[in-house]
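Quick notes on the structure that follows.
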Amino acid sequence: MDDGHVGAIVADDGSGADPRKFAVALRRTLGEMNRLVHDFASAENVHPTDVHALSFVLDHPDTATPGLLREHLGLTSGAVTACLDRLEKAGHIRRSRADDDRRVVRIHYVPGARAAARAHFLPLAQAADRARDRFTKDELAVVLRYLDALNEELGELRAPRG
């Protein structure tokens, strides 16, 4: 999607929040994040999709399962199994069976691997801290509200899996 196309969808309202600038900034952020993900994947000998799986496991409020991961990543069961096999082989995760239902598989982030990921992504955390320091608490609340709304809207765009 080029910037002219985005501008044709939503015109600049004169508020200084030019949608084209938003689109460019979001693409640039996405590109930088993808670069960091690919660097980590290469260093850890895993696929970039595996890094997204690790993020999901890390950020999930409960213990993640292969089914939740499949839904989140939009992958087939076989692709999720291959992803988890690579992550387990690389020492990033371990799988366990639920005590109350042995059919349920739980995915756990290995603590030592978490330290390796933190070390690799430390420059990202530091950059985020420096950028965050440029804004007031009220401004950051608006930015977070925008990102939450954007993620909600993007989540609605997911095609239902059959």
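The values are calculated or read from the model by the stated rules, or taken from the named source; none is laboratory data. Note that this is a predicted model, so its numbers are computed, not measured. So basically every Cβ, Gly included, is an ideal-geometry build from the backbone, and we count neighbours across all protein chains shown. Only protein heavy atoms, including side chains, enter the accessible area calculation; ligands, DNA and RNA are left aside. Shrake-Rupley method; radii C 1.70, N 1.55, O 1.52, S 1.80 Å.
Yes/no matrix, rows are residues, columns are (1) open to solvent by less than 70 Å² (accessible area, probe 1.4 Å); (2) more than 19 Å from ASP59 (Cβ to Cβ); (3) modelled with pLDDT under 95:
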position: GLY91; (1), (2), (3): yes, yes, yes
position: ARG103; (1), (2), (3): no, yes, yes
position: PHE121; (1), (2), (3): yes, no, yes
position: ASP129; (1), (2), (3): yes, no, no
position: ASN151; (1), (2), (3): no, no, yes
position: GLY155; (1), (2), (3): yes, no, yes
position: ALA159; (1), (2), (3): no, yes, yes
position: GLY162; (1), (2), (3): no, yes, yes
Worksheet item: in a helix (DSSP H, G or I), surrounded by fewer than 17 Cβ atoms within 10 Å (Cβ to Cβ) and either on the phi > 0 side of the Ramachandran plot or of a type in the set (Phe, Trp, Tyr) (or both), is that true of PHE56?
Response: yes
Fill in: Criterion (at pLDDT below 90 and either part of a helix (DSSP H, G or I) or under 30 Å from ALA17 (Cβ atoms) (or both)) met by exactly one of GLY112, GLY67
GLY112
Worksheet item: If you go through segment 37-51, how many residues are surrounded by fewer than 16 Cβ atoms within 10 Å (Cβ to Cβ) and either of a type in the set (Ser, Thr, Tyr) or part of a helix (DSSP H, G or I) (or both)?
Response: 5
Response to the item:
Listed by first then second residue, the pairs whose first member lies in segment 16-32 and is under 17 Å from PRO48 (Cβ atoms) and modelled with pLDDT under 90, whose partner is in a loop (DSSP other than H, G, I, E, B) and open to solvent by less than 90 Å² (accessible area, probe 1.4 Å), with beta carbons under 9 Å and at least 6 positions apart or on separate chains, are none
Worksheet item: Does at least one position in segment 119-136 carry a residue that is farther than 19 Å from HIS52 by Cα, among the aliphatic types (A, V, I, L, M) and in contact (Cβ under 8 Å) with a residue 12 or more places away in the chain?
Response: no
Worksheet item: If you take the residues of segment 54-69 that are in contact (Cβ under 8 Å) with a residue 40 or more places away in the chain and not polar (S, T, N, Q), which of them is nearest to ALA82 (Cα to Cα)?
Response: PRO66
Item to complete: May I ask you to verify whether VAL143 is β-branched (Val, Ile, Thr), at negative phi and over 19 Å from the mean Cα position of the chain (by Cα)?
Response: no
Worksheet item: In segment 105-115, how many are over 17 Å from LEU68 (Cβ atoms), open to solvent by less than 40 Å² (accessible area, probe 1.4 Å) and not aliphatic (A, V, I, L, M)?
Response: 0
Worksheet entry | In segment 76-89, residue surrounded by the most Cβ atoms within 10 Å (Cβ to Cβ) [restricted to those that are in contact with a helix residue (DSSP H, G or I) (Cβ under 7 Å, 6 or more places away or on another chain) and within 16 Å of PRO48 (Cβ to Cβ)] | LEU87
Worksheet item: So ASP62 clears everything in (1) modelled with pLDDT under 90; (2) over 16 Å from the mean Cα position of the chain (by Cα); (3) surrounded by 12 or more Cβ atoms within 10 Å (Cβ to Cβ) except one condition, right? Which one?
Response: (3)
Worksheet entry | Index of the failed condition, GLU88 passing every other in (1) closer than 21 Å to PHE121 by Cβ; (2) touching a residue at least 12 places away in the same chain (Cβ under 8 Å) | (2)
